[in-house]
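A short worksheet on the structure shown next.
The values are calculated or read from the model by the stated rules, or taken from the named source; none is laboratory data. None of the values given here were measured: they were computed from a predicted structure. We place every Cβ from the backbone using ideal geometry, glycine too, and count neighbours over all the protein chains shown. Protein only, heavy atoms only, side chains kept; ligands, DNA and RNA dropped before computing areas. Shrake-Rupley method; radii C 1.70, N 1.55, O 1.52, S 1.80 Å.
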Amino acid sequence: MMSRICLLSSAYLAPVQYYTKLYAYAEAYVEAYEHYVKQTYRNRCLIASPSGVQALTIPVVKPAADKCPVKDIRISDHGNWRHLHWNALETAYRNSPFFEYYADDVLPFYTQKWDFLFDFNEAMRAKVCELIDLHPKVAQTASYGFMDFGGRSDDCVADFRNLISPKISVEADVTFIPRGYYQVFREKHGFLPNLSVVDLLFNMGPESLLVLRDSIQEDACQPLQNL
């Protein structure tokens with residue numbers, strides 16, 4: 001995989017599956033020009049709460065047009081979501097091994113206002129990569145549709161824009177094998193696979209990178225689709 005390229009959607013504190021692509025592929029492109037799709041990881045993440053899996057959703061401003069590029073989607077301040085999301089993260093992970101260690105790095109994303117969802121997601125993605133010592137080569141797409149990947153054949157590009165979705169079983173992704181790791185509520189709920197990367201970060205800290213490595217099926221290949 002290391003010589004290949006992957007194509008990803010924008011995602012809010014994306015699941016572990018998403019970050020295995022950033023680990024495995026030499027380059028990643030984040031789609032900026034697709035039409036915004038509701039009820040996806042683009043504005044939703046899943047965490048392990050005391051009562052089980054909990055979804056945290058960023059409210060967005062309804063676009064003026066039906067088909068709006070994801071890069072132009074604005075974040076809404078409706079419902080005091082920043083405060084609610086941070087409280088949910090604190091409740092879920094305050095007893096995890098690394099919450100106190102990383103909390104000061106994550107908190108500013110919930111105290112500062114961001115205008116655009118895409119920018120917010122990318123800033124959080126960059127910070128998480130920094131915290132787990134992951135250094136992917138990432139760029140955003142310049143258009144939607146066929147793209148010139150530096151003269152390389154498009155069959156070297158793996159498209160995960162729609163495959164990584166809360167509506168699609170992880171079993172559909174043959175390159176991803178969820179590996180178990182410590183979770184605060186594992187004795188109560190069992191291991192909950194493919195939650196937000198923040199679950200991995202707060203529970204495993206520096207060992208997050210090892211979990212990503214061990215969750216990759218290296219001999220599998222996903223073809224380019226839907227370009």
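Couple of notes before you dig in:
- For the stretch 85-136, the candidate set comprises residues that are among the charged types (D, E, K, R) and out of contact with any helix residue (DSSP H, G or I) (no Cβ under 9 Å at 6 or more places or on another chain); within that set, the residue that is farthest from residue 48 (Cα to Cα) is 115.
- Taking each residue of the stretch 179-202 that is open to solvent by 50 Å² or more (accessible area, probe 1.4 Å) and looking for partners that are of a type outside the set (Ser, Thr, Tyr) and assigned to a helix (DSSP H, G or I) with beta-carbon atoms closer than 6 Å, six or more apart or interchain, yields 179/211; 179/214; 182/203.
- If the condition is being open to solvent by 30 Å² or more (accessible area, probe 1.4 Å) and either in contact with a Phe, Trp or Tyr (Cβ under 8 Å, 6 or more places away or on another chain) or in a helix (DSSP H, G or I) (or both), then the stretch 83-94 contributes 83, 84, 86, 87, 90, 91.
- Listed conditions (1) open to solvent by less than 60 Å² (accessible area, probe 1.4 Å); (2) assigned to a loop (DSSP other than H, G, I, E, B) are all met by residue 97, apart from (1).
- Condition met for residue 32 (in a loop (DSSP other than H, G, I, E, B) and touching a helix residue (DSSP H, G or I) at 6+ places or on another chain (Cβ under 9 Å)): yes
- Hits in the stretch 179-205 (condition: farther than 14 Å from residue 99 by Cβ, part of a helix (DSSP H, G or I) and out of contact with any Leu (no Cβ under 9 Å at 6 or more places or on another chain)): 187, 188, 189
- Residues of the stretch 55-66 that turn out to be under 12 Å from residue 88 (Cα atoms) and surrounded by 17 or more Cβ atoms within 10 Å (Cβ to Cβ), as a count: 1
- In the stretch 104-116, the residues that are without any contact (Cβ under 8 Å) to a residue 60 or more places away in the chain form Cβ pairs under 6 Å with partners that are aromatic (Phe, Trp, Tyr), at six or more places apart or across chains, as follows: 110/86; 114/120.
- Within the stretch 3-29, the set of residues being in a helix (DSSP H, G or I) and either at pLDDT below 95 or over 23 Å from residue 48 (Cβ atoms) (or both) comprises just one member, 24.
- Identity of the residue in the stretch 207-227, at pLDDT below 95 and either part of a helix (DSSP H, G or I) or among the charged types (D, E, K, R) (or both), that ends up farthest from residue 90 (Cα to Cα): 219
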